[in-house]
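S.K.: Take this structure, written in C-alpha cells, and hold onto it; I'll ask about it next.
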Amino acid sequence: MASDRRTLLADAALDVLADEGIRGLTHRAVDRRASLPPGTTSAYFRTRAALLTALVTRLVQLDQAELHTLAADLPPLRTVEDLVDGMALLARQRLSGEGRRRSLARYACVVESVRDPELREILVPRENSGREAVRTFLAARGTADVESRTHILLTCIDGLILDRLAHGGHVPRTALEGLIAAALR
C-alpha cells in the first residue's frame, strides 16, 4: 500500500509541476492534487528534496516505458525515412497530451538538477530500446563514433522539442532530416 501511495503522490507532484511550475510544487499542492488530507505528502516525503527525487524517479520510469513502447511499435529502422518517422512520432508524443505534461515537468527538473547532483544522476539518459535502435541504425551505416553521434542526435532532437514546447508548434520534419543527415556524415 505504501508503494502505491508513493506512486500516487509522485504522479500528483508531476501534475502540479506541469501545471504550476517549480514554485507551485509544495507538499500541500500535492496533497490537494492527490485528493488526500493535508500532511499526507510530507508524511511520505519529509523534505522538498525527497519529493523532487520521487517525482524525478517516477518521471524517468514513465519516460522509459514510453520509449520502450515506441520502439516496440515501430518497424525496424531500415531507411533514413524510417528514423525520421520515429523521431517525428517521438516529438509529437512529447508535445501533446500527457507527453507534453511530462515534458514540462522534465525540463523543470533538468534545471533543478543543475544544483542537485542526486537529481542529475537520476536524469542521466538511460539505455532503452529506442536509444539502441538509433545506435544500431548509425552503426549499420558506418558512422564514426556511434556513441557520441547517438548522444548528440538525441540531444539535438530533445532541444527541438524544448524549443517547440516553449514557442508552440511542432518539430519540422526538415529539421529532423537535417539532424539525421548530420549524424550520418
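The values are calculated or read from the model by the stated rules, or taken from the named source; none is laboratory data. Remember, predicted model here, so these are calculated numbers, not experimental data. Backbone-built Cβ (ideal geometry, glycine too); neighbour counts: all protein chains shown. The area values use the complete protein model at the heavy-atom level, side chains included, leaving out ligands, DNA and RNA. Shrake-Rupley method; radii C 1.70, N 1.55, O 1.52, S 1.80 Å.
S.K.: Can you tell which of S113, S103 is crowded, with 19+ Cβ neighbours inside 10 Å, out of contact with any strand residue (DSSP E or B) (no Cβ under 8 Å at 6 or more places or on another chain) and hydroxyl-bearing (S, T, Y)?
M.R.: Values: S113 fails: crowded, with 19+ Cβ neighbours inside 10 Å.
When all the criteria are applied, what remains is S103.
S.K.: Would you say I152 is β-branched (V, I, T), outside any loop (DSSP other than H, G, I, E, B) and in contact (Cβ under 8 Å) with a residue 40 or more places away in the chain?
M.R.: No: the conditions fail for I152.
S.K.: Go through region 161-177 and report how many residues are more than 17 Å from the chain's Cα centre (by Cα) and surrounded by fewer than 13 Cβ atoms within 10 Å (Cβ to Cβ).
M.R.: The total comes to 4.
S.K.: Quickly run through region 23-50 and pick out the residues that are hydrophobic (A, V, I, L, M, F, W, C), assigned to a loop (DSSP other than H, G, I, E, B) and within 23 Å of the chain's Cα centre (by Cα).
M.R.: L25, A34, F45 - these are the residues of region 23-50 that are hydrophobic (A, V, I, L, M, F, W, C), assigned to a loop (DSSP other than H, G, I, E, B) and within 23 Å of the chain's Cα centre (by Cα).
S.K.: Continuing with the same structure: Which of the numbered conditions does E20 fail, given that it passes all the others? Conditions: (1) in a helix (DSSP H, G or I); (2) open to solvent by less than 60 Å² (accessible area, probe 1.4 Å).
M.R.: (2)
S.K.: Does G21 qualify as being in contact with a His (Cβ under 9 Å, 6 or more places away or on another chain) and small (G, A, S)?
M.R.: In short, no.
Each row is one residue, and each column tells you yes or no for (1) on the phi < 0 side of the Ramachandran plot; (2) open to solvent by 80 Å² or more (accessible area, probe 1.4 Å); (3) within 13 Å of the chain's Cα centre (by Cα).
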{"residue": "L90", "(1), (2), (3)": "yes, no, yes"}
{"residue": "G142", "(1), (2), (3)": "no, no, no"}
{"residue": "T155", "(1), (2), (3)": "yes, no, yes"}
{"residue": "R185", "(1), (2), (3)": "yes, yes, no"}
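S.K.: Shifting gears a bit: Collect the residues in region 32-59 that are open to solvent by 30 Å² or more (accessible area, probe 1.4 Å) and touching a residue at least 40 places away in the same chain (Cβ under 8 Å), keeping them in residue-number order.
M.R.: Matches in region 32-59: Y44, A49, T57, R58.
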